[in-house]
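A short worksheet on the structure shown next.
Each reported figure results from applying straightforward, stated rules to the coordinates on display, with no laboratory input. All values derive from a computational prediction rather than experimental measurement. In this analysis, Cβ positions are derived from the backbone assuming ideal geometry, glycine residues included, and neighbour counts consider all displayed protein chains.
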Amino acid sequence: MIQSVALVGGTHGNETSGIQLVRNWLKGDIPDTYGSLDIRCYLANQAAIDANIRFVEADLNRQFSFENLMADSTSREAVLAKTLNDKLGPKGNALTDLVVDIHNTTSNMGATLIILEADDFNIKLARYVKKVMPEANILLEDEKPVADHAYLCTTGKRGVMIEVGAQPQGVLREDVYQLTLTMTEAVLAFCEAYNQGELGELPECEAFRLGDNVSFPLDENGERTAMIHHHLQDADFVPLVAGQPVFRDFKGNDVLWDGDTTYPHFINEAAYHKLHVAFATASLIRL
Ligand SMILES: [Zn+2]
């Protein structure tokens with residue numbers, strides 16, 4: 001049974017679609033079709049929201065490892081994480097059955113549901129979302145055990161993230177808002193059907209399994225020597241095959257992909273600027 005559901009926006013303070021959705025639902029606009037669910041809405045990082053920035057001192061969505069939650073807090077967000085963990089978790093012994101953390105990205109990832117393990121619940125959830133929202137992407141980040149992730153959504157008994165783009169930081173786009181709303185409602189409708197035993201036939205679906213991060217080419221001073229090639233820009237989840245361009249350097253030369261066929265995503269994500277992450281790879285799987 002999924003009874004208590006936490007819907008979280010503003011884990012990153014400049015990701016406006018989740019913030020706006022939660023604000024609207026806090027005002028009482030929650031659809032009343034989810035009778036078996038106790039839905040609570042939270043704005044995670046109010047100071048970052050007020051300042052329209054991702055975070056004040058540290059990335060809140062990297063603070064929820066057991067290690068960080070037990071350590072002496074070194075940043076404003078590390079302190080905030082403990083407060084949120086008390087409300088939503090505590091991690092490992094959670095009161096909340098499902099934490100849904102709503103994000104958006106500057107990458108052209110459409111409506112992407114991020115799941116952290118391919119267990120029975122998450123497979124059914126992925127299949128259900130894909131069935132009612134065929135344009136959705138399912139991204140599986142199971143490169144480590146769920147509890148080892150430091151994501152906010154790992155405070156719940158179960159947790160998923162909704163990641164929608166492309167949307168610039170601090171900007172609210174109507175199409176991105178609608179996709180966010182549709183996917184949120186799909187996740188809640190799944191929980192309701194799961195509780196009622198009314199999931200019906202759920203055919204296998206395509207999903208992407210996270211691979212590695214690919215960095216921008218850097219010079220000896222750590223400065224970028226190239227930008228994302230226009231062929232790759234906005235081509236999130238489109239197969240990238242050997243020989244296709246991924247970067248164009250500032251002398252006009254193309255850098256070609258020489259790896260196996262992959263499904264790039266988080267292409268040119270603004271939030272990964274400091275890390276110099278150009279994109280992440282993924283393999284195509286079936287769930
Ligand atoms: Zn985010």
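Among HIS276, HIS265, a tally of other beta-carbon atoms within 10 Å of each Cβ gives an order, fewest to most, of HIS276, HIS265. Scanning residues 5 or more positions from PHE247 or on other chains, those with amide H under 5 Å from its amide H are HIS229, VAL255, with H placed 1.01 Å from N in the peptide plane. Convex hull of alpha carbon positions in segment 97-231: directionally averaged projected area 10.2 nm². In this simple spin-label approximation, ASP148 and GLU220 carry label points 7 Å from Cα along the Cα→Cβ vector, and these lie 3.7 nm apart. Taking amide H as placed 1.01 Å from N in the peptide plane, the amide H of ASN45 sits under 5 Å from that of THR11, each at least 5 places away or on another chain. When the Cα gyration tensor is reduced to axis lengths a ≥ b ≥ c, the ratio a/c is 1.5 or higher for segment 16-105, and with a/b not above b/c it is classed as oblate.
When all alpha carbon pairs of segment 161-236 are counted in 10 Å bins from zero, the resulting P(r) reads 13, 26, 32, 18, 8, 3 %.
The angle between the Cα long axis of helix 76-88 and the longest principal axis of the Cα atoms of the chain comes to about 40 degrees, rounded to the nearest 10. Secondary structure note: in the chain, about 50% of the DSSP beta bridges are antiparallel.
Once you divide the Cα radius of gyration of the chain by 2.2 N^0.38 Å, the number left is 1.00.
To the nearest 10 degrees, how steep is helix 120-132 against the longest Cα principal axis of the chain, on a 0 to 90 scale? That works out to roughly 80 degrees.
Can you pick out the pairs among LYS27/LYS130; LYS124/LYS144; LYS27/LYS87; LYS91/LYS144; LYS87/LYS124 whose Cα atoms lie more than 23 Å from each other? Violating the 23 Å limit, Cα to Cα: LYS27/LYS130; LYS87/LYS124. Neighbour counts of C-beta atoms inside 10 Å place ILE114, ILE267, ILE30 in the sequence ILE30, ILE114, ILE267, starting with the fewest.
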